Amino acid sequence: MSTLVNQIRSLAHAYVRGGSKTNRRLQVGRILKFVAFVEETERVHNLHELGQRHVINFWKGHRDLAPKTAHDYWLALCALWRLAGKPGRPPRPLSFSGADAGRGYRPTGQKPGSLPDMEPLPSLDDISQVLKGQRHAQALTVEAVACVTGVAPDAIAAIEAGRDLARYSDIAAIFAFYATLPCRSQS
C-alpha cells in the first residue's frame, strides 16, 4: 500500500469508530477510490499534497456519475478535508454546483424531471428599461458608466435600446456598478 493510502486509513480508523458505521465505511471507500484515481493520474505521495486541482480532475474524469452519486462522493471528500485539516471545502461537481448547490440534488417535494417554481426571467426589454432608468436616475452619461464598468459605450447603448446583441457579462457588470451606488430619490 502507498503512503497516501496508509495516511487515509489511519485518519479513517478513528472516523469510522463514531457515528453511523455503515455510512462512514461507505465514505471511506469513496475516499479510497478518489485516492486511487489521484495516484493513477498523478504522483501524489502525501495527504498534504492533495488539493482542489486533484478534486477537479476527479470530477472531470467521472462526469458520468449520477447526481446522487456525485453528491455522495462530494460529502466523502468533505469528510476527507475535515480529517486532513484542510481549509474550506473541496470543489463541488459541475452537476450540482449551480443555484441549487446548497440544497442537494433536488428540493424536497419536487417531482423528478419537473422544474422548480420560479419567477419568469425578465426580458431584454425589461432589463434595458431598468438599466436606462438607473442611469437617468443617477444623472450619469453613457460614457461615465462605460468608464467605470469597462463596458464599451456602444454596448451600453445597445443594451439600453433592447437590442439582442447584449452580452451577459456586460449586463452583469452594469448591474453590479448600479448596485454599489446610493439610491437617489426622484422628486
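Only the coordinates and a few stated rules stand behind these numbers; no lab work does. Nothing here was measured: the structure is a model prediction, and the numbers come from that model. Positions of Cβ are backbone-derived with ideal geometry, glycine not excepted, and every protein chain shown enters the neighbour counts.
Classify the stretch 13-98 as rounded, prolate or oblate from the Cα gyration tensor: take a ≥ b ≥ c as the square roots of its eigenvalues, call it rounded if a/c is under 1.5, otherwise prolate when a/b beats b/c and oblate if not. Oblate, because a/c is 1.5 or more while a/b does not exceed b/c. Between D64 and S123, the modelled labels are 4.4 nm apart [label points 7 Å from Cα along Cα→Cβ].
Note on N23 and R163: the model spin-label points, each 7 Å out from Cα along the C-beta direction, lie 5.6 nm apart. Each of C147 and A172 was given a label point 7 Å from its Cα along the Cα-to-Cβ line. The distance between the two points is 2.6 nm.
Counted residue by residue at 0.36 nm each, then reduced by the alpha carbon distance between them, the extension gain from A139 to L94 reaches 12.0 nm.
For the pair C78 and V130, a Förster radius of 30 Å applied to the C-beta separation gives a FRET efficiency near 0.15, rounded to the nearest 0.05.
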